[in-house]
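What follows is one structure encoded as structure tokens, with my remarks underneath.
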Amino acid sequence: MKVSNVLGSIAFISAVSFSSQAFATTNVTDLGNLNDGPVANQSLLQVGAFFLPDLYKFDLSADSTVTVDFKALLGISAGSSFSLYDSADTEITSFSIPSLIANATTTFTFVDLAAGDDYVFKFNPGAFNVTLSNKLTFTATETVIPVPEPESNALMLAGLGIIGLIARRKFA
């Protein structure tokens, strides 16, 4: 038997086996509030085609930086991307998925996302995507705005006062 016949048979069997996933409607997963803790999803074989994205909806209770770890035992893709959209369906940013992943983790970081807005991650499989044993982990880290301690302000004011006294004596 020719190698091309074997490869063609494998491709046909795979297409038939996964046709319900490849031709189904878009998968939508509600992650809820990401500030409540990390969420891990999707640890199955994934075959996607024809630009049917997987959607991951979430919101934030505080201004945050969101990190997504995409780990796969084996992944082959052509034109796949991972994008973030806001509630108005406007793309905020997009990352390309590596063409070949072999037991590796790809990390996507989305910085300074505002609280309260509904966001959507879209995993676009592109023209071709096969991923074996993949796992997505979503983590939100609250953005902390530094606030000076009262002691720091008092020390700064004391220093300015001393500088003022020295300048007054020098020019008086």
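Read-outs throughout are calculated quantities, based only on the coordinates presented, and are distinct from any laboratory measurement. Just so you know, these numbers come straight off a predicted model, no measurement behind them. Neighbour counts run over all protein chains shown; Cβ positions are idealised from the backbone, glycine included.
Name the shape class, rounded, prolate or oblate, that the alpha-carbon gyration tensor gives for the stretch 53-172, where a ≥ b ≥ c are the square roots of its eigenvalues, rounded holds for a/c under 1.5, and otherwise prolate holds if a/b is larger than b/c and oblate otherwise.
It is prolate, given that a/c is not under 1.5 and a/b is the larger ratio.
At 0.36 nm per residue, and after removing the present C-alpha to C-alpha distance, how many nm does the segment from ASN33 to ALA115 gain when stretched out fully?
Taking 0.36 nm per residue and subtracting the Cα distance, the gain is 28.5 nm.
Once phi is turned into θ = phi - 60°, what whole-Hz ³J(HN,Hα) does the Karplus curve with 6.51, -1.76 and 1.60 give for every residue of the stretch 111-125, x standing for Gly and Pro?
My calculation for the stretch 111-125 gives 9, 6, 8, 6, 6, x, 7, 8, 10, 9, 8, 10, 9, 8, x Hz in order.
For VAL147 and ASP86, what does the FRET efficiency come to when R0 = 30 Å and r is the distance between their Cβ atoms, rounded to the nearest 0.05?
E(calc), rounded to 0.05, equals 0.60.
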